[in-house]
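To keep things clear, I will list the structure first and then write my remarks on it.
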Amino acid sequence: MLEKTKGIVINQIKYTDSGIVARLYTRDFGRISFMVKGMRKRKTGKHNILFQPLFILDLDIYYKASREMQTIKEFSVAFTPYNIYSDIRKSSVAIFLGEVMTSVLKEESPNEELFDFIEESVMYFENSTEGYANFHLAFLAGLSSYLGFEPGQKSSPEEVFFDMKNGNFVSLPPVHGHYSNPDNSEILAALFASSYETVKKIPLSGSQRNEVLDDLLNYFYIHLPGLSRIKSLDILKEVFNQ
């Protein structure tokens, strides 16, 4: 059946000499994959940029739930992250987030609230001209709530350790050993309670930002055991280690 939907590109992989397999998170069907032929040819390859992470497309697809690979009839650009891909720092974030979402967004069922969160986040990031160094941290913190493991808020000054396994803030180091140190825990408490606007006000050095990013990813690894190691992490850290 021919269906219309909107999709956010999360990644693409090479398929044959001239085609790609694009993975998108769609508003109506969750995560889908489809093959796009000719994207790596000289004449038609100019459209390949449209299948980079965080591009948002309007899609006409022949959808069948039992089929692993869907068929695309037509596509057009709904939102172009032009500023993201003209800025090395932003494009590094886009590739990183695309890789994270490829690993964590496994559901082939719709979640409109999650789609809207990602779409609004992409648009906010595209329009940010300054103060976006903490954006990827805030995105991961926000994403955790849609994936079902958002931690409880810090409720007391004595709760100086973030317990990654149980998803809460505690006053003593947990015996299981999966926790953040007091400095990072304080930052994480602020992150989990922040919006994209307020997260700009959290002052972080490059090394602090990278430590907190490691703790956030460890939190994801604990609650999503099948999560692949993020290959673009080192590049992102280098770009924001300022």
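What follows draws every value from the coordinates through simple rules; no lab data is involved. Keep in mind that what you see is a predicted model, and the values were worked out from it rather than measured. Reconstructed Cβ throughout: ideal geometry from the backbone, glycine too, with neighbour counts over all protein chains shown.
Can you order the peptides 25-36, 201-212 by their average number of other Cβ atoms within 10 Å per residue, highest first?
The packing order, highest mean first, is 25-36, 201-212.
Here is the link list: Lys37/Lys64; Lys90/Lys200; Lys90/Lys165; Lys154/Lys200; Lys6/Lys106. Which ones come out longer than 27 Å on Cα distance? Spell out each step's value before the answer.
Details: Lys37/Lys64 20 Å; Lys90/Lys200 15 Å; Lys90/Lys165 31 Å; Lys154/Lys200 20 Å; Lys6/Lys106 17 Å.
Violating the 27 Å Cα-Cα cut-off are Lys90/Lys165.
What number comes out for the charge environment of Ser171, summing +1 per Lys or Arg and -1 per Asp or Glu over other residues with Cβ under 14 Å away?
Once positives and negatives cancel, what remains is -3.
Given Val77, Tyr25, Phe169, which one lies farthest toward the positive end of the charge dipole of the chain, if we put +1 on the Cβ of every Lys and Arg and -1 on the Cβ of every Asp and Glu?
After comparing all options, I get Val77.
Please give the net charge around Phe161, taking every other residue with its beta carbon less than 13 angstrom from that of Phe161, where Lys and Arg add +1 and Asp and Glu add -1.
Numbers: positive: Lys154, Lys165; negative: Glu158, Glu159, Asp163, Asp183, Glu186, Asp215.
Around Phe161, the surrounding residues sum to -4.
Per the Kirkwood treatment, what hydrodynamic radius in Å, one decimal, follows for the stretch 130-242 from the mean inverse distance over all distinct Cα pairs? Kindly include the intermediate steps, with their values, before the conclusion.
Values: mean 1/r = 0.0698 Å⁻¹.
Answer for the stretch 130-242: a Kirkwood hydrodynamic radius of 14.3 Å.
So what's the net charge close to Gly148: Lys and Arg +1, Asp and Glu -1, counting the other residues with Cβ under 13 Å from its Cβ?
Working: positive: Lys106; negative: Glu107, Glu113, Glu150.
Summing Lys/Arg as +1 and Asp/Glu as -1 gives -2.
Can you give the charge dipole size of the chain about its Cα centre, rounded to the nearest 20 debye, using +1 on the beta carbon of Lys and Arg and -1 on the beta carbon of Asp and Glu? Before the final figure, lay out the partial values.
Working: 26 positive and 30 negative charges, 278 e Å.
The dipole magnitude comes to about 1340 debye.
Across bins of 5 angstrom width beginning at 0, how are the C-alpha pair distances of the chain distributed, in whole percent?
1, 6, 13, 17, 18, 15, 11, 8, 5, 3, 1, 0, 0
For the ranges 5-15, 59-69, what's the packing order if you count other beta-carbon atoms within 10 Å of each residue, average per peptide, and put the highest first? Numbers along the way, then the final one.
On the way: 5-15: 18.9, 59-69: 13.6.
Listed from highest to lowest mean packing, they are 5-15, 59-69.
How far apart, in nm, are two points set 7 Å out from the Cα along the Cα-to-Cβ line at Leu2 and at Tyr62?
Here the answer is 1.1 nm between the modelled labels.
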